[in-house]
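The values are calculated or read from the model by the stated rules, or taken from the named source; none is laboratory data. Source: prediction; values computed, not measured. Neighbour counts run over all protein chains shown; Cβ positions are idealised from the backbone, glycine included. Side chains included, ligands, DNA and RNA excluded: accessible areas come from the protein's heavy atoms. Shrake-Rupley method; radii C 1.70, N 1.55, O 1.52, S 1.80 Å.
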Amino acid sequence: MMPLRRHLGLLVGPQEMGRTWYFWVGFVIVIGVGAAAPQYLGRFDLLNLANFLTSIFLALSLCLIWGFCGILSLGQAAFLGLGGYAYGVAGINFIESHGNTWAALGIGLAVPVLLAAVLGFVMFYARLKGVYVAILMLVVTLLFETFLNQTAGQGWFIGEAHLGGNNGLGRFSGVIKKPPSFIFSEGGIKFLGKSYAFFYLTFGLAVLCYLGLRILVNSKLGYVMVAIREDPERTEALGYDVRLIQLIVFCISALLASMSGILYVSWGRFITPDVFGVYNNILPVIWVAVAGRKSLTATVIGTLVLVWLSQRLTETDYAFVVLGGILLGAMMLLPEGVITGIVDRGTALRARLAARKSARA
Amino acid sequence: METISFIVGLLYQYADTIALLALSAIGLIIIFGMMGVINMAHGEMMMIGAYITSFAHYAGIPTALAVILGGIGAGLAGMIIERLVIRRFYGQLLSSLVATWGLSLILSQGALLVFGQLIQSVPTPFGSFTVGELSYSYYRMFIFLVAMAMIAGLWALFRFTRFGVRARATMENPRMARALGVDTSRVYALTFGLGTMLGGFAGGLLALTSTIGPFYGMTYTPQAFITVVVGGGAEIVTGLLASVLSLGAIKTIFMNQTNILLGHVAMLVLAFVIIRLMPSGISDWVERRQVRVRER
Amino acid sequence: MPLLEVENLSKAFGGVRAVDGVDFALEQGELRCIIGPNGAGKSTFFKLLLGSIKPDRGRIRFRDRDVTRAEPHTRAHMGIGVKFQHLGVYGDLTVRHNLQLPLQHSLSGEAMDAEIARLLARLNLAGTEERRVAELAHGQRQWLAIGMALAMRPVLLLLDEPTAGMGPEETRETGALVHSVHEEGVTVVVVEHDMAFVRQLGAPVTVLHYGRVFAEGPLAAIESNEDVRHIYLGASRTMAARGRYDP
């Protein structure tokens, strides 16, 4: 039982906000309210909430590499999109005909991680400057968009799956098969996008990833990540292979981003090349930068708020102007992020008050 | 006759590709080389140049003047942006990247809201000529010459003018330049203005060959990014030239034999190969070679 | 066989030959100071030794192995400990976590806690474990940086300007710390600008000038060497006027 207790101890390590009892009381309440959502939300709202939740993985993937390891990637959608497409293609071939969801999931996760490993190897082992990594990732992503947009012809079948050009997988498909949702033959459970089961799956995975990442950032590897963010040269002199660690973290982040893509595809049963576009790349940057990139908690909260906000705004034409303005404003006024900034100021204020109190006594 | 027309076609394509790469990257690489900032709103500067060109053209202003006005407009916009935004992010490269990306979103979506999906495009001047069975546009050759002239002008600017000396001093060692009485913040503002002006000017020139919309500039930025990454920031002119010549060659070959998409992919692959061999870009590598040769 | 052997080491940046054909050797258990005016190539030489930049020419051997192309982390595990010129610490982390980074390669749990306590006592930093490093005084941060290098249990300790920004009292204590480390059998190289500190250490000196070894020998001989005094005083004045700074 000892190792388990040690890991649980890492949950409340100093790398992440939430070392007080009331944080965890709040956490339990949020989990309770979230888990009870099917009781009080209508079908449409629940469906929508499940969709919101899929964004969290993408946000956490950027938070991990940028906030904790100091590598900014402007092309996280590459991993999301590739995960979605790989799952979709594999799912069309394996799930309905063979009932093999695990194979589709495995392929959906493996393909983006493989891409991350190859790109990361080239970029980090060449010790490429951070700005170059950032913009090259964007270029790679946009090329995927261009590539998939021209796959409308009959030559673009992978097994039974048709890549479908700008219609993507599964949309407008008469004869052509849609990517399926998860079906696990063991229990016969179908995680259809509109079902309670899918909501609980996404919700559970989001909570698990959040807690798992809390443990990761407070582990030995977590401290090395932060050390690399602060100063790669010194971290090397302390005996760490910075390139290797950057590569590992990059792959973990690709894994997280691909989860967003896989869940998105199994939720809506379609995916188009638009997922690789500029907007899907800039959105996670907005969420993470505005909320506070150095905190997992801030990232999760900020992402949910901003995703909700942009959905409200899409009813108007101003959505992206407003989001761009929020990003620019946050970068200029609270460069560490709005939520992190407020929490830090609160902590500092409390410390000052406590100091004054003890001085008076 | 067929080989001749094939070779002419290939050369024409090469010149055209080089022009496109050089024009879309020149403003970006100046700002990156001098200030270390990647301006993610560079595409929007090109868009501003194109919009001004179109509006001026249809207001009856001669096209050449309209393009120059586009450059001036983007340059002024750039100097305002430098003062209001970029200035706060000196020394924080990644933050400036994110902030200018936000700006890019505001500008392109703002243009969409104000002017709609498309504005009137400007007709391509000068007509065309034919070799064999294919016809070629004089204007595209003209653009190539302009692009080369811009690179030459840039070289002369850094080499011979007082601004160039100050700018190079600032780039080498800003603290020292300040101590020698160079107003570095003015140099930065002018450099940023110069970069965005060239972006706007390029936007105006290229606007005469395509449709113009709010996302007009975005179609050029990926190639511009690759050009900058390959060129590096150490020697702006050498880097830019080496970068557009090598990338242009590979893109032309792949475009000629397959399609545009594979042309882009080939450029990206070449970029990854080059950064694997010369992580700081061609210009830095050339610079170090020169030192070694001098030592012998 | 020397512990560290450097042959004809050269490195140029742009047109400047920062290190130009340096030969240098250290015996096991030596204490050596490297001095030179600003721009002499001290920092470049230091970085070449730790591996964060690679030479254009020349060879570095350490413990009978060629490490010329070895990465810094490899050299760190071979026993080269480093304290950088500018604050070699992580300001956002606590003192404990700064020390944990070098220690967690080999230790964990109570053994690590004991080692941290031992190091802190030695560095006069006891009681600061849970404080953020950014909150420490300047001298304390310098000591912590030395402590992080010591935590790697180095065979060769490289210190780049360990007393930069310190007052006289702190400088004296730092000198005592360097001596005690040296007495434990660790080979120590101190790259230093401050002659007072070099005198306090009283160790043999290598003088770098324009990227070359200008003179080498016991402190007294170096101090009485007219040429050294000329470049050190005269040259540093002209170099300062030309505005060269250490790259």
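Just a few scattered comments:
- Filtering region C:122-138 to residues that are open to solvent by 60 Å² or more (accessible area, probe 1.4 Å) and not charged (D, E, K, R) leaves C:124, C:126, C:127, C:138.
- Check on residue A:183, at pLDDT below 75, more than 14 Å from every other protein chain (Cβ to nearest Cβ) and closer than 21 Å to residue A:101 by Cα: yes
- Residue among C:36, C:41, C:15 that alone is touching a His at 6+ places or on another chain (Cβ under 6 Å) and either farther than 23 Å from residue A:127 by Cα or open to solvent by 20 Å² or more (accessible area, probe 1.4 Å) (or both): C:36
- Count of residues meeting criterion [more than 20 Å from residue A:72 (Cβ to Cβ) and either assigned to a helix (DSSP H, G or I) or open to solvent by 10 Å² or more (accessible area, probe 1.4 Å) (or both)] in region A:239-260: 3
- Filter result (surrounded by fewer than 24 Cβ atoms within 10 Å (Cβ to Cβ), touching a helix residue (DSSP H, G or I) at 6+ places or on another chain (Cβ under 7 Å) and of a type outside the set (A, V, I, L, M)) within region B:18-55: B:36, B:54
- Inspection of region C:126-134 finds no residue satisfying the criterion of being assigned to a helix (DSSP H, G or I) and under 17 Å from the mean Cα position of the chain (by Cα).
- Hits in region A:91-113 - residues which are hydroxyl-bearing (Ser, Thr, Tyr) and part of a strand (DSSP E or B): none
- Scanning region A:82-100 for residues that are farther than 13 Å from residue A:259 by Cβ, surrounded by 24 or more Cβ atoms within 10 Å (Cβ to Cβ) and of a type outside the set (A, V, I, L, M) yields a total of 3.
- Count - residues of region C:28-60 that are under 20 Å from residue C:182 (Cα atoms) and either in contact with a Ser or Thr (Cβ under 8 Å, 6 or more places away or on another chain) or among the β-branched types (Val, Ile, Thr) (or both): 8
- Residue under evaluation residue A:224, criteria (1) in contact with a Pro (Cβ under 7 Å, 6 or more places away or on another chain); (2) surrounded by fewer than 24 Cβ atoms within 10 Å (Cβ to Cβ), criterion not met: (1)
- Count - residues of region C:172-221 that are polar (S, T, N, Q) and surrounded by fewer than 19 Cβ atoms within 10 Å (Cβ to Cβ): 2
- Any chance residue C:202 is in contact (Cβ under 8 Å) with a residue 24 or more places away in the chain and small (Gly, Ala, Ser): no
- Whichever residue in region A:307-334 is open to solvent by 50 Å² or more (accessible area, probe 1.4 Å) and more than 21 Å from the chain's Cα centre (by Cα) and, among such residues, is nearest to the other protein chains (Cβ to nearest Cβ): A:317
- Unmet criterion (only one of (1) modelled with pLDDT under 90; (2) more than 11 Å from every other protein chain (Cβ to nearest Cβ)) for residue C:62: (1)
- Residue selected from region B:56-93 under the condition surrounded by fewer than 23 Cβ atoms within 10 Å (Cβ to Cβ) and among the charged types (D, E, K, R), by the criterion nearest to the other protein chains (Cβ to nearest Cβ): B:88
- Test: residue in region B:141-157 that is in contact with a strand residue (DSSP E or B) (Cβ under 9 Å, 6 or more places away or on another chain) and open to solvent by 70 Å² or more (accessible area, probe 1.4 Å): no
- Among the candidates A:124, A:147, residue that is assigned to a helix (DSSP H, G or I), closer than 30 Å to residue A:243 by Cβ and at pLDDT below 90: A:147
- Flag if residue A:79 is surrounded by 12 or more Cβ atoms within 10 Å (Cβ to Cβ), closer than 30 Å to residue A:243 by Cβ and touching a Cys at 6+ places or on another chain (Cβ under 7 Å): no
- Members of region A:220-276 that are on the phi > 0 side of the Ramachandran plot and away from every other protein chain (no Cβ under 13 Å): A:269
- Of all the listed residues (A:119, A:138, A:115, A:74), the sole one being more than 10 Å from every other protein chain (Cβ to nearest Cβ) and at pLDDT 90 or above is A:115.
- Selection status of residue C:113, open to solvent by 20 Å² or more (accessible area, probe 1.4 Å), out of contact with any Ser or Thr (no Cβ under 8 Å at 6 or more places or on another chain) and either part of a loop (DSSP other than H, G, I, E, B) or facing another protein chain (nearest Cβ under 9 Å) (or both): no
- In region C:71-96, the residue that is nearest to the other protein chains (Cβ to nearest Cβ) out of those that are of a type in the set (A, V, I, L, M, F, W, C) and not in a helix (DSSP H, G or I) is C:82.
- Of all residues in region C:177-231, exactly one satisfies the criterion of being basic (Lys, Arg) and in contact with a strand residue (DSSP E or B) (Cβ under 9 Å, 6 or more places away or on another chain), namely C:212.
- Members of region B:94-129 found to be within 11 Å of chain A (Cβ to nearest Cβ) and open to solvent by 70 Å² or more (accessible area, probe 1.4 Å), listed by number: B:114
- Screening residue A:127 with (1) within 20 Å of the chain's Cα centre (by Cα); (2) within 9 Å of chain B (Cβ to nearest Cβ); (3) charged (D, E, K, R) gives one miss only, at (1).
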